[in-house]
Amino acid sequence: MWYVVWTVTGKEESARTEIGKMLPQESYSRCFIPKRKESRKRGTERIKVDRILFPGYLFIETDDAETVFFYLKKLPQYAKLLRAGEDFIPVAPEEEAWLRKLMKNGETVEISVGMIANQTIRVTEGPLQGMEGFIRRVDRHKRKAWLRLEMFGRTLDVCMGLEIVEKK
């Protein structure tokens, strides 16, 4: 099961490194930080860069949340499993399936391509295809889309790469 680990925003990579050093290998199968590709302008050309999809969060795949919690308490930097009361809350199966679809079982969400026709966004290729109903805002200049999602028991606005190639 996937569990969400909260840490200080900007310290996700160092938290993942520390988790890899501290946790016994048999207590978890992987620890990862979901990322998204983003198109940035550098001079006259566009480059693709990776950005963290959920700043301040990383994910750990484990069947032993108690052991993971025990070791996370020993980390020198602040990191903790999300939980409700005394129970650790795994990522809901539908949220995990959705994230796996977006990341194609990797760790990075690629840039989608779409068009605007009659004030309606239609994604023609990429991971956001079929998810047009979640898109709340598009910045064509920066090639980004913001989606409103229910995740981790709350509503999140998540930014993802979306290149609009045509407007009718």
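Each principal axis of the Cα cloud of segment 14-79 was taken in turn, and the coordinate range along them, longest first, works out to 50, 23, 17 Å.
Pairs of Cα atoms nearer than 8 Å and 6+ residues apart set the relative contact order; for the chain it is 23 percent. When we measure straight from the Cα of residue 144, which lysines land under 25 angstrom away, once same-chain ones fewer than 8 places off are left out? Partners found: 11, 35, 37, 41, 48, 101, 104, 167, 168.
Express the accessible area of the chain per residue in Å², computed with a 1.4 Å probe while the remaining protein chains stay in the model. Working shown, then result.
On the way: 9510 Å² over 168 residues.
Heavy-atom accessible area per residue stands at 57 Å².
Based on alpha-carbon centroids, what's the gap between segment 100-163 and segment 43-70 in Å, whole number please? The two parts, judged by their Cα centres, are 18 Å apart.
Annotation: amide H of residue 142 has no partner in the under-5 Å range at sequence separation 5 or more or interchain, hydrogens built in the peptide plane. Computed over protein heavy atoms with a 1.4 Å probe, the carbon and sulfur contribution to the accessible area of segment 117-157 reaches 41%.
Among 110-116, 94-100, the peptide with the highest mean count of other Cβ atoms within 10 Å heads the list, and the full ranking is 110-116, 94-100. For segment 1-98, the share of accessible area belonging to carbon and sulfur comes to 50 percent (1.4 Å probe, ligands and nucleic acids excluded).
The values are calculated or read from the model by the stated rules, or taken from the named source; none is laboratory data. As the structure is a prediction and not an experimental result, all values here were calculated from the model. FYI the Cβ positions are ideal-geometry reconstructions off the backbone, even for glycines, and counts take in every protein chain you see. We work out accessible area using only protein heavy atoms, side chains counted, and drop any ligands, DNA or RNA first. Shrake-Rupley method; radii C 1.70, N 1.55, O 1.52, S 1.80 Å.
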